[in-house]
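The values are calculated or read from the model by the stated rules, or taken from the named source; none is laboratory data. Remember, predicted model here, so these are calculated numbers, not experimental data. Cβ coordinates were reconstructed from backbone atoms using ideal geometry, including for glycine residues, and neighbour counts include every protein chain displayed.
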Amino acid sequence: MTVFRYLAIAAIAFVGACSMPSMEASPERDRDAQALLEDIAADRDDRVVGKMSAQNSEADLRAQLPFIKTLVPDGPPPQGVTSGWRANTGTGGTTYALRRSYDYPDRTLNVDTTFIKEGESWKVFSFHVSPVMKPGAQLPEAGADAPSEPQTPTPST
C-alpha cells in the first residue's frame with residue numbers, strides 16, 4: 001500500500017508540473033510592455049486600445065488615457081529595466097505580470113503590466129503607471145481642467 005501511495009503522489013506532482021507556467025522570464029512580454037509605453041508617450045491611442053484584452057472597456061480606457069499621459073514625459077521613453085515578473089495559470093486563464101522601471105531626468109516611472117492569454121495571443125489586461133519624482137523635480141500637471149490653487153468648498157445655505 002505504501003508503494004501505491006508514493007506512485008500516486010509522484011503522478012500528481014508530474015501532472016501538476018505539466019500545467020505549470022514557464023519559470024523563465026519572457027523577453028517577448030518585456031518588448032510588449034516597452035512598446036505599450038512607447039505608444040502611450042506617442043499619443044497612439046488606437047494602438048494602445050488594440051493591445052488591450054477584450055475584458056476591458058474601450059470607453060473607460062480612452063477616458064483614462066489623458067491622465068495617464070500626464071505622468072509620462074514628452075518624447076520617446078528610455079529603455080526600461082524589468083525588475084520582476086510572475087506567471088500564473090488558473091481557472092481565470094494564463095497571466096504574465098511584470099514591473100519595468102524607466103529612468104527619466106526628473107522621475108522614475110514604475111509600470112506594472114499584466115498580460116492575459118486570449119487564444120494564441122497575449123493582450124494587456126491591466127497596467128499601472130507610478131511616477132517617483134526625483135529631488136527638485138516639478139510634479140506633472142494633472143491637466144488643463146485641474147485648478148491651479150486649492151479650492152475651498154462653498155458652504156450651502
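Observations
- Among the residues here, residue 89 qualifies as modelled with pLDDT under 95 and assigned to a strand (DSSP E or B).
- Test: residue 36 is part of a helix (DSSP H, G or I) and either at pLDDT below 95 or of a type in the set (A, V, I, L, M) (or both): yes
- Qualifying residue in the range 32-47 (condition: basic (Lys, Arg) and touching a residue at least 12 places away in the same chain (Cβ under 8 Å)): no
- Condition check for residue 68 on (1) without any contact (Cβ under 8 Å) to a residue 40 or more places away in the chain; (2) in a helix (DSSP H, G or I); (3) not charged (D, E, K, R): one failure, at (1).
- Among the residues of the range 38-48, the one identified as buried (at least 16 other Cβ atoms within 10 Å of the Cβ) and within 26 Å of residue 92 (Cα to Cα) is 48.
- Matching residues in the range 97-108 - criterion: being more than 17 Å from residue 31 (Cβ to Cβ) and either in a strand (DSSP E or B) or within 13 Å of the chain's Cα centre (by Cα) (or both): 103, 107, 108
- Screening the range 17-33 for residues that are among the hydroxyl-bearing types (Ser, Thr, Tyr) and either farther than 26 Å from residue 129 by Cβ or in contact with a His (Cβ under 7 Å, 6 or more places away or on another chain) (or both) and picking the one that is modelled with the highest pLDDT gives 22.
- Hits in the range 77-135 - residues which are among the acidic types (Asp, Glu) and either under 22 Å from residue 54 (Cα atoms) or surrounded by fewer than 13 Cβ atoms within 10 Å (Cβ to Cβ) (or both): 112, 118, 120
- Matching residues, the range 50-60, being of a type outside the set (S, T, N, Q) and either surrounded by 16 or more Cβ atoms within 10 Å (Cβ to Cβ) or touching a Gly at 6+ places or on another chain (Cβ under 6 Å) (or both): 51, 52
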